[in-house]
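The values are calculated or read from the model by the stated rules, or taken from the named source; none is laboratory data. Nothing here was measured: the structure is a model prediction, and the numbers come from that model. Here the Cβ is made from the backbone with ideal geometry for all residues, glycine too, and neighbour counts use every protein chain on show. SASA here: full protein model, heavy atoms, side chains in, ligands and nucleic acids out. Shrake-Rupley method; radii C 1.70, N 1.55, O 1.52, S 1.80 Å.
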Amino acid sequence: MMERSDRAPLLDWEEVPPAEKPDETAAPPTAPGNDRLSSPPSNRGSSGCAAPGFGWSSGPGGPTTSRSDACNTTPAIPCTQEGRDKDVEHHGDLGSTDAFVEDRMVKWEEKDQIVSVFVVTFNTRTGADDSRCQPQPSVWSLRCFWRLRSGNMLEWCLPKDIDLDGVEFKAIASGSHRVTTDFIYFRKGSYFGLACFANMPVESTAERGARMKSVGILSPSYTLLYRYMSFLEHQVRLQLQSPGHYSPLEAFYEDKRALLPPSGEAVVTGCPANVWGAAINHSMHPEMKITHPAGCMSQFIRFFGEQIMVLWKLALLRRRILIFSPPPVGVVCYRVYCCCCLANISIPGIGVAVPEFRPFFYINVADIGALENELSYVACTTEKIFEEKKDLYDVYVDNQNVKTCRDGLKPLLRLSAADREKYRKLTEQRQMLLYSQENGDCVSSEEDLFILFFLEQNNRIFQALGEVAGSPDPTLTQESVRAMGLDPHGDRLFLLHLLEVYGYDTLLVSEQLCCS
């Protein structure tokens, strides 16, 4: 069963208030000078790019940290409106324009329309356990796997001509028969999907005592899919109780269907950092703070503890991260989203020439072909077979255990002194925030704090790199590494990987740092 803290109270989908327009956002900071940098040779390709204003690392705007601020403790989020105003005034280059944000929010809402609605069912009469295909603990046959799951069927969909091949195995995750309810975020081609699953016991020998269905939707973006979760939860219960009653789904699709370009193509992307940041601050209602992926950052960090700093480095290095966990899947999909948030950078131009850190959310064996061509992604699965497919990922996260088979990455799994210090600061800031909230004088949330914390850490690193690259002597010293918030000794390998991935190929590294 999904824990109550991970789910929102059920609401009627038509009663969810529209997002309020944010009052302020940050303007793009000044881009660093042309980089002249040097890093070790690369044995890993880095083709592909994130277009400016899209994805996780290239959206303009967002809070930044100046060099003088970067050398000190990361500032806590101002709790009062007066504090927010002073903070904006302090960072003179971070002014805001309501028209700009409103325009960006409107554009993103236009992209977040529904392109399909569907019902998936598990036919227990054909998809139950097959005695001919019980796998040994260390052996798994894909032929047996698909025979066991042959009961997943697409029952109904709109529009009728859309390609939904394989969606039946995304909307009902492997192992879902062990849970009563669940929700699943996933990718289907160039679209994102959200499906709500329910498992209802029935007194039917033909159905083997259980009826399982999932109701889902597809959209060009996932940033607003959370708005329809309560509707999907209600509809899947309706489908279990009264199978074949599709009129509410038909009306929903007619009301919400997308107006796509003539080509019908959609861009797989995420909301720019300044837009989703503004949405968190200004338009999240309490129930949405739980239902929307942005509402789970605090749970995510409490789950991983200090290991969050290891995931932060791997995400910033654009590694292929695969998270395994048994069902329920919903909270694990949230971890995928949170991993992407760790890699946010709001400095224009940074990350444009590196592979985009793409969220795949839930995957199964049908996605193996797609993952083979991905240079950078984060995904989750309930299928243990992926652990054996070591060529598909760089990092494998089994619940709270982060591991890798790449020798060059194994040292990064050890926490440095700077990692522990950053985690201590993060914990202190959270305690201060909670204290302010108890006194009723704080308008920020834990999610605001965590997202801004890592955004500022990332900006701090690349601002320092830009300053060194633009100096007469473009050499990284222990002092410049400390200015990034890194440990000159414990983070040396991480820094070398960072220079390689982000193309700082003319930057020199001091002999003292290299030999530390």
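Observations on the model:
- Condition met for Y435 (touching a residue at least 12 places away in the same chain (Cβ under 8 Å) and not in a loop (DSSP other than H, G, I, E, B)): no
- The set of residues from the range 438-462 being in a helix (DSSP H, G or I), out of contact with any helix residue (DSSP H, G or I) (no Cβ under 6 Å at 6 or more places or on another chain) and either of a type in the set (F, W, Y) or open to solvent by 70 Å² or more (accessible area, probe 1.4 Å) (or both) comprises E438, F462.
- Qualifying residue in the range 326-333 (condition: out of contact with any helix residue (DSSP H, G or I) (no Cβ under 6 Å at 6 or more places or on another chain), surrounded by fewer than 23 Cβ atoms within 10 Å (Cβ to Cβ) and part of a helix (DSSP H, G or I)): no
- All conditions in (1) under 14 Å from the mean Cα position of the chain (by Cα); (2) surrounded by fewer than 21 Cβ atoms within 10 Å (Cβ to Cβ) hold for R318, with the sole exception of (2).
- Residue within the range 464-472 that is within 26 Å of R319 (Cβ to Cβ), in contact with a Pro (Cβ under 7 Å, 6 or more places away or on another chain) and free of Cβ contacts under 8 Å to residues at least 40 places away in the same chain present: yes
- Taking first residues from the range 345-358 that are outside any loop (DSSP other than H, G, I, E, B) and partners that are among the β-branched types (V, I, T) and surrounded by 21 or more Cβ atoms within 10 Å (Cβ to Cβ), the Cβ contacts under 8 Å between residues at least 6 apart in sequence or on separate chains come to R358/V378.
- Looking across N399, N373, one residue alone is open to solvent by 40 Å² or more (accessible area, probe 1.4 Å), in contact with a strand residue (DSSP E or B) (Cβ under 8 Å, 6 or more places away or on another chain) and within 30 Å of F169 (Cα to Cα). It is N399.
- Residue ranges of strands (runs of 3 or more DSSP E) in the range 150-244 with at least 3 members under 22 Å from F386 (Cα atoms) and open to solvent by 30 Å² or more (accessible area, probe 1.4 Å): none
- Flag if E500 is farther than 16 Å from L317 by Cβ and either out of contact with any helix residue (DSSP H, G or I) (no Cβ under 9 Å at 6 or more places or on another chain) or assigned to a helix (DSSP H, G or I) (or both): no
- Within the range 312-321, not a single residue is within 27 Å of F494 (Cα to Cα), at pLDDT below 90 and either assigned to a helix (DSSP H, G or I) or touching a helix residue (DSSP H, G or I) at 6+ places or on another chain (Cβ under 7 Å) (or both).
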